[in-house]
Amino acid sequence: MIVGVSFIAACASTNPPTQQLTETRMVIERAEQDGAQEYAPLELRDAGIKLQQAREAVDAENYKKAIRLLEHARVDAELAQVKAVSAKSQEAAAELKESIRILKEELERKNK
């Protein structure tokens, strides 16, 4: 019983994860700025949902749950950001490849 009381007291004295909330929100914002709404909307949505659930857990003073949700939200946001950056890079490479193809065709026409 003493162990249980000590555990409850330790949990009650835990501070809210305000820094993690801020950092996770910033990661989500960076993902949005990188185009995640277009290229990874599901991952971005999941990150937002988990962030909201974490806020609710903080309000309920369930800080362990909040921290777990924030970790998952951050991973989702980082995945969304990576997918967006990757998709943009692939598009840029495809555009460059097409430009090179057009230039080659023009050069061939001029050399004939």
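Mind telling me which of the residues Ala84, Ala77, Ala66 ends up being in contact with a Gly (Cβ under 8 Å, 6 or more places away or on another chain) and assigned to a helix (DSSP H, G or I)? It would help to see each step written out before you state the result.
Details: Ala77 fails: in contact with a Gly (Cβ under 8 Å, 6 or more places away or on another chain); Ala66 fails: in contact with a Gly (Cβ under 8 Å, 6 or more places away or on another chain).
Just one listed residue meets the conditions, Ala84.
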- Query: Any residue at all in the stretch 87-110 that is surrounded by 15 or more Cβ atoms within 10 Å (Cβ to Cβ) and within 20 Å of Asp34 (Cβ to Cβ)?
  - Reply: yes
- Query: Which condition number in (1) in contact (Cβ under 8 Å) with a residue 24 or more places away in the chain; (2) part of a helix (DSSP H, G or I) is the one that Glu95 fails?
  - Reply: (1)
- Query: Can you name the residue in the stretch 40-70 that is surrounded by 15 or more Cβ atoms within 10 Å (Cβ to Cβ) and in contact (Cβ under 8 Å) with a residue 40 or more places away in the chain and is also farthest from Pro16 (Cα to Cα) among such residues?
  - Reply: Ala40
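Do we have Gln37 as modelled with pLDDT of 95 or more, exposed (fewer than 12 other Cβ atoms within 10 Å of the Cβ) and either part of a helix (DSSP H, G or I) or not hydroxyl-bearing (Ser, Thr, Tyr) (or both) here?
Working: modelled with pLDDT of 95 or more: yes; exposed (fewer than 12 other Cβ atoms within 10 Å of the Cβ): no; either part of a helix (DSSP H, G or I) or not hydroxyl-bearing (Ser, Thr, Tyr) (or both): yes.
Judged against the criteria, Gln37 is not a match.
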- Flag for Ala84 being among the hydrophobic types (A, V, I, L, M, F, W, C), closer than 23 Å to Asn15 by Cβ and either modelled with pLDDT of 95 or more or over 16 Å from the mean Cα position of the chain (by Cα) (or both): no
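The values are calculated or read from the model by the stated rules, or taken from the named source; none is laboratory data. All of these numbers come straight from a predicted model, not from anything done at the bench. Quick reminder, even Gly has a Cβ in these numbers, built from the backbone with ideal geometry, and neighbours come from all protein chains shown.
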